[in-house]
Every structure is written in structure tokens, then in C-alpha cells.
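Below is one structure; the comments refer to it alone.
The values are calculated or read from the model by the stated rules, or taken from the named source; none is laboratory data. Note that this is a predicted model, so its numbers are computed, not measured. Using ideal geometry, Cβ is built from the backbone for each residue, glycine included, and neighbour counts are taken over all protein chains shown. Just the protein is used for accessible areas: all its heavy atoms, side chains included, with ligands, DNA and RNA removed. Shrake-Rupley method; radii C 1.70, N 1.55, O 1.52, S 1.80 Å.
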Amino acid sequence: MLDFIVELAEFAGRESLRYFGKLKAADIEGKATDKDLVSIADKAVEEVIIRKITEKFPDHDIFGEETGHAGKNSEFCWVIDPIDGTQSFVKHHPYYSISIALYQNGKGFAGAVNAPALGRLFAAQQGVGAFENGSAIKVSDCTSLHEAACATGFARLRENKVEPVVAKFARILPQMRDIKRCGSAALDLAFTAAGIYDGYWEEGLQLYDVAAGAIIAREAGALVYDFYGKDNYPADGIIAGTPAVAAELLKLLAD
């Protein structure tokens, strides 16, 4: 299964590069808010991913960001974000990714996050491990938030919920060594898995934003949970990181 998911992510990545840096204003439109965008590339990439899946697994359910849920009551469900980081994509910024996850009976089983403009493809399968471009990866050895480089995002701002996001950010920022913001939750989780970041947190996301990245992070040795230390992510926020960093983030984010 992992080989198929990797091939699918590679194929989708090549499709996305056909549009990268070539979009016109007419190719981009708003979604529910003027802070959330969708482009013809998002739709085209999701279409090719779904076509490849249905050709091989016609009985599987599919949940895509752009097309919604197509259910056949299968134990398997594919969760797809065709371009995670559309804001970056339309600005010709390389920090976007394609996120593809396979869930079995409601649990993440395997997934891939491809950042084609960066030449980095992350993948994992339950019990098999996590990989970047075919080589095994694991979380960093960071044991203190004070020494950590962490990442976050501001998806909740789309809902105009500024104050709680800023308050939590201000609470955490002085406690860490460095902060990153690349604009793709899937890629943030993959970078955490690879030890590029030591921890990550965000709220206001959807399942397709984090499904594949969370699988990869877990298989690389990260702790992944919501803002209450449970597994109701991303509905209740998401935290990922080395065991020590994730635990410290949890203390600072708990309401």
C-alpha cells in the first residue's frame, strides 16, 4: 500500500507543478472567506488523485477538500488535500504540499506528504516507519521547549478568532528558541517527523489538513494529540513533537 501512496503523491506532485507559477487572477477564487483560496490547480490535482484511487480501489470511500465525501460504507477512506498551502502556491512560494492519507476503520493507516517544489516526499505506514525520499526518518532528540524550533499556523484567523490565537502564541513564544511558519500544516507535521522542527501546534484545521502528516509524525516517534492530550485532533487543535516538547506545549495550550 505504501508504494502505491508514494507513486500517487509523486504523480499528483508533477500535476501540481504544471500550474505552479503559471496561475492568473482568473484561476483563483475565494471560498467561505476572503482569507481562504481555491485555484484551478487544487481542483485539477484532486481530480487526478481521485481518478487514480478509484481505478485501483473502486469500493473505497474518498474525502477530498474540494469534492467532499463520497461514501460507499467501506472500511477504507482516502483523505485528500490536493494542495495544502494554496496561499503559498498562488504566490509561487515553494512551501506547499500534496497530502494523501488512507484511513482504515476511522484510524490513520498510511499517508504521504509531497512538497514537489522542494523535492521532498514524506511517507509512512502504520508499523512500517516513516521515510523521506525513501530514507528512514525520526523525530529530533530535543528534550526541552527552551531549546526547540517549533512551527505553527494561523488557520483560526479565517474565522476572525484573533484574540485566543494571539494569546496562546504569546504564551508559547518566549519559551522556545525559534518559531517557523511555512503555511502548510501537512508539511509542518512532516518536518516535525524528520526532526527539522522539534514541535508543532495549530487549531482551526480540517482532517484533510493533518491526516497524512499526523501518520508520518507518529511513525517517526512524535507524540500527536489535541490540546487536551487526547486524539480528537484537529477538532480540538493539534500538537505534535518530541515527547518532551509535545508535553510542554500541551501544558501551555491547555485551557
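When the Cα atoms of region 92-188 are aligned to their principal axes, the ranges along those axes come out at 38, 34, 33 Å in descending order. Computed over the chain, the per-residue total of -39500 (n - 2.57) for DSSP H runs of n ≥ 4 gives a 222 nm mean residue ellipticity of -10000 deg cm²/dmol, rounded to 500.
To the nearest 10, the accessible area of Y228 is 120 Å² with a 1.4 Å probe. 3J(HN,Hα) along region 226-238, derived from phi through the Karplus expression 6.51 cos²θ - 1.76 cosθ + 1.60 where θ = phi - 60°, amounts to 8, 5, 10, x, 10, 10, 8, 9, x, 4, 9, x, 9 Hz, with x in place of Gly and Pro. Relative contact order, whole percent, for the chain stands at 17, derived from Cα pairs under 8 Å and 6 or more residues apart. Across region 197-214, coupling constants 3J(HN,Hα) worked out from phi with the 6.51/-1.76/1.60 Karplus curve, θ = phi - 60°, read 10, 9, x, 7, 8, 5, 9, x, 9, 10, 4, 5, 5, 10, 4, 5, x, 5 Hz, and Gly and Pro carry x. Dividing the mean sequence gap of close Cα pairs (under 8 Å, 6+ apart) by how many residues region 88-194 holds gives a relative contact order of 26 percent. By definition, a body whose alpha carbon gyration tensor gives a ≥ b ≥ c is oblate when a/c is 1.5 or more and a/b is not larger than b/c, and region 72-143 fits this oblate description. Our compactness index for region 143-252, the C-alpha radius of gyration over the empirical 2.2 N^0.38 Å, is 0.93. Binning the C-alpha pair distances of region 50-103 at 10 Å intervals from 0 yields a P(r) profile of 25, 46, 21, 8 %, listed from the shortest bin outward.
The orientation-averaged shadow of the Cα convex hull for region 188-255, equal to a quarter of the hull surface, comes to 3.7 nm².
At q = 0.11, 0.14, 0.15 Å⁻¹, work out log10 I(q)/I(0) for region 1-84 with the Debye formula, treating every Cα as an identical point scatterer and leaving solvent out; two decimals please. Listed by q, the Debye log ratios stand at -0.33, -0.52, -0.58.
About its Cα centre, the chain has a charge dipole of approximately 440 debye under the convention of +1 per Lys or Arg Cβ and -1 per Asp or Glu Cβ, with nothing else charged.
Accessible surface calculations at 1.4 Å, restricted to protein heavy atoms, place the chain at 44 Å² per residue. Does anyone have the angle between helix 243-253 and the longest principal axis of the chain? Alpha-carbon axes, 0 to 90°, nearest 10? Computed tilt is about 80 degrees. Surface composition of the chain: carbon and sulfur atoms hold 49% of the protein heavy-atom accessible area at a 1.4 Å probe. Angle of helix 162-172 to the longest C-alpha principal axis of the chain, folded into 0 to 90 degrees and rounded to 10: 60°.
How many percent of Cα pairs in the chain exceed 32 Å? Of all Cα-Cα pairs in the chain, 16 percent lie more than 32 Å apart. Helix 2-17 and the long axis of the chain differ in direction by around 80°, with both axes built from C-alpha atoms. So for the chain, taking the charge dipole from beta-carbon charges (+1 Lys/Arg, -1 Asp/Glu), which of G127, I53, T143 sits furthest toward the positive end? Result: T143. Between the amide H of C182 and those of T152, distances stay under 5 Å, these residues lying 5 or more places away or on another chain, with hydrogens modeled in the peptide plane.
For the options E163, E147, E66, a Gaussian network treatment of the chain with springs between C-alpha atoms closer than 10 Å singles out E163 as fluctuating the most. Two numbers describe the Cα atoms of region 1-151: Rg and Dmax, which are 16.3, 49 Å.
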